[in-house]
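Here's the structure, in structure tokens; my notes come after.
The values are calculated or read from the model by the stated rules, or taken from the named source; none is laboratory data. Not measured: the values here are computed from a predicted model. Methodologically, a virtual Cβ is constructed for each residue, glycine included, from the backbone with ideal geometry; neighbour enumeration extends over all protein chains shown. For the accessible areas, the whole protein counts, side chains as well, though only heavy atoms, and no ligand, DNA or RNA atoms are used. Shrake-Rupley method; radii C 1.70, N 1.55, O 1.52, S 1.80 Å.
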Amino acid sequence: MARIAGVNIPSNKRVTISLRYIFGIGPTRAQEICGRLGIPDERRVNQLSDDEVLRIRELIDREYRVEGDLRREVAMNIKRLMDLGCYRGLRHRKGLPVHGQRTHTNARTRKGKAVPIAGKKKVTK
Amino acid sequence: MPRSVWKGPFVDGFLLNKAETARGSGRNEIIKIWSRRSTILPQFVGLTFGVYNGRKFLPVQVSENMVGHKFGEFSPTRTFTGHSADKKAKRG
């Protein structure tokens, strides 16, 4: 068990894989971090020395925005759009897709689970 | 894909003149514009524009945060009143 960037406790997986459990670190950054610290690909987290864990932690603290900070930044960006009263902000407020997708059908991710229209008769033969 | 930086922001030229005269003369006059496609520039900050949405001129007070957005973003063109609760469902 290693705690990196606050709450994250990646398991006995490869370092490049388990680093992705941190919000804000995906495949590219995980590779980048391992490359810069010279950690071989097949090393697993439980095989890391304390020093290596420390260096990973320091590197992330220094150069990447992860977890809470990143979440806050994203939320701030959305809030800015909402306060501004621009089109994208309105879409965020209404919980509809922001990037111009169709809403006639689909858009279920943003709209949530489909609600049946109350009182609509089923077609029976 | 965003617009190339070397082109600079897109603004209809006449807006610059309009903004300048508005700033020079009477204060707080709504400047009616149709050019929804124009980028909001720093020199527009503080002015009020009436941005046409196809029906009315919606007043938009330009603040610093709006710089870089387009005028059209602040003047919705569609009305959606929402689905009313079905009367039948209440009765049944």
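Listed here are the residues, each with its yes/no results for (1) among the aromatic types (Phe, Trp, Tyr); (2) in a strand (DSSP E or B); (3) modelled with pLDDT under 90.
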{"site": "B:Trp6", "(1), (2), (3)": "yes, no, no"}
{"site": "B:Phe14", "(1), (2), (3)": "yes, no, yes"}
{"site": "B:Asn17", "(1), (2), (3)": "no, no, yes"}
{"site": "B:Arg23", "(1), (2), (3)": "no, no, yes"}
{"site": "B:Gly72", "(1), (2), (3)": "no, no, no"}
{"site": "B:Arg78", "(1), (2), (3)": "no, no, yes"}
{"site": "B:Thr81", "(1), (2), (3)": "no, no, yes"}
{"site": "B:Ala85", "(1), (2), (3)": "no, no, yes"}
{"site": "B:Ala89", "(1), (2), (3)": "no, no, yes"}
Options A:Ile78, A:Ile4: the member that is under 19 Å from the mean Cα position of the chain (by Cα) and buried (at least 17 other Cβ atoms within 10 Å of the Cβ): A:Ile4
Restricting the stretch B:39-56 to residues that are touching a residue at least 24 places away in the same chain (Cβ under 8 Å) and more than 9 Å from the chain's Cα centre (by Cα), which is farthest from the other protein chains (Cβ to nearest Cβ)? B:Gln43
Restricting attention to the stretch A:60-75, and to residues there that are of a type in the set (A, V, I, L, M, F, W, C) and at pLDDT below 90, which single residue is surrounded by the most Cβ atoms within 10 Å (Cβ to Cβ)? A:Ile60
Restricting to the stretch A:81-110, name every residue that is away from chain B (no Cβ under 11 Å) and open to solvent by 50 Å² or more (accessible area, probe 1.4 Å). A:Met82, A:Arg93, A:His99, A:Gly100, A:Gln101, A:Arg102, A:His104, A:Thr105, A:Asn106, A:Arg108, A:Thr109, A:Arg110
For the stretch B:47-70, how many residues meet the condition of being under 19 Å from A:Asp83 (Cα atoms), of a type outside the set (A, V, I, L, M, F, W, C), open to solvent by less than 70 Å² (accessible area, probe 1.4 Å) and touching a Ser or Thr at 6+ places or on another chain (Cβ under 8 Å)? 2
Residues located in the stretch B:29-46, provided they are open to solvent by 60 Å² or more (accessible area, probe 1.4 Å) and assigned to a loop (DSSP other than H, G, I, E, B): B:Glu29, B:Ile30, B:Trp34, B:Arg36, B:Arg37
When residues of the stretch A:37-53 are filtered for being in a loop (DSSP other than H, G, I, E, B) and either in contact with a Leu (Cβ under 8 Å, 6 or more places away or on another chain) or touching a residue at least 12 places away in the same chain (Cβ under 8 Å) (or both), how many remain? 5
Please work out if A:Glu52 is open to solvent by 80 Å² or more (accessible area, probe 1.4 Å), farther than 30 Å from B:Phe71 by Cα, more than 14 Å from chain B (Cβ to nearest Cβ) and not hydrophobic (A, V, I, L, M, F, W, C). no
